[in-house]
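Remarks on the structure that follows.
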Amino acid sequence: MATLVRYNRIPTFANPFYGRPVIDRYHNTNLNVPAVNVKEVDNAFQLELAAPGLKKEDLKINVENNTLTIAYKPEEKADETTPKFTRHEFSFNAFERSFRLPKTVNANDIKAAYVDGILTVDLPKIEVKEEKLVKEIAIG
């Protein structure tokens, strides 16, 4: 008798959209977080986060104390009528990624877009003027 479900012999840890597991040191659990590319262009840094299948309304981005945080929390479904699955592998787990921003990033002009499953965050650069400290010290 033939079956509708074909089993994939490739291990489930070979998901191309998620990087290596991150160990949560506070709860002693492994968390899968989306893979991120960071590149530098002339006047900005660009951060790309692979998050296919998510809604942009559920992604939250904020900057606090010079740290950029990207978080996703799936909406909670109170009254759910689930169909009977033969096999159910789709899952969207909550995640949070944080990045320390360099002093050269203008946090007031950060822009983000979510297109085709890729969240792109543009981090524009500003020129930081380093003041040269020249001071004569008297020897006492």
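Matching residues to (1) assigned to a loop (DSSP other than H, G, I, E, B); (2) within 16 Å of residue 36 (Cα to Cα); (3) of a type in the set (Ser, Thr, Tyr); (4) over 14 Å from the mean Cα position of the chain (by Cα):
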residue	(1), (2), (3), (4)
57	no, no, no, yes
68	no, yes, no, no
88	yes, no, no, yes
91	yes, no, yes, yes
130	yes, no, no, yes
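Can you pull out the residues in the range 34-77 that are under 22 Å from residue 90 (Cβ atoms) and in contact with a helix residue (DSSP H, G or I) (Cβ under 8 Å, 6 or more places away or on another chain)? Steps first, answer last, please.
Let us first name the residues in the range 34-77 that are under 22 Å from residue 90 (Cβ atoms), namely 34-36, 49-60, 70-77.
Of everything in the range 34-77, those that are under 22 Å from residue 90 (Cβ atoms) and in contact with a helix residue (DSSP H, G or I) (Cβ under 8 Å, 6 or more places away or on another chain) turn out to be 72, 73, 74, 75.
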Counting only residues in the range 118-128 that are in contact with a Leu (Cβ under 8 Å, 6 or more places away or on another chain) and either among the β-branched types (Val, Ile, Thr) or in a loop (DSSP other than H, G, I, E, B) (or both), the one nearest to residue 35 (Cα to Cα) is identified as 118
Which of the residues that make up the range 86-140 are without any contact (Cβ under 8 Å) to a residue 40 or more places away in the chain, more than 18 Å from residue 54 (Cβ to Cβ) and touching a helix residue (DSSP H, G or I) at 6+ places or on another chain (Cβ under 9 Å)?
101, 126
Hey, residue 98 loosely packed, with under 13 Cβ neighbours inside 10 Å and either hydrophobic (A, V, I, L, M, F, W, C) or at pLDDT 90 or above (or both) or not:
yes
Checked the range 112-132 for anything surrounded by 11 or more Cβ atoms within 10 Å (Cβ to Cβ) and either out of contact with any strand residue (DSSP E or B) (no Cβ under 8 Å at 6 or more places or on another chain) or of a type in the set (D, E, K, R) (or both); matches are 122, 125
Say we look at the range 35-55 and pick out the residues that are assigned to a loop (DSSP other than H, G, I, E, B) and within 15 Å of the chain's Cα centre (by Cα); which of these is surrounded by the fewest Cβ atoms within 10 Å (Cβ to Cβ)?
53
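The values are calculated or read from the model by the stated rules, or taken from the named source; none is laboratory data. Here the structure is a predicted model, which is why all the values come from computation and not from measurement. Cβ: placed from backbone, ideal geometry, glycine included. Neighbour counts: every protein chain shown.
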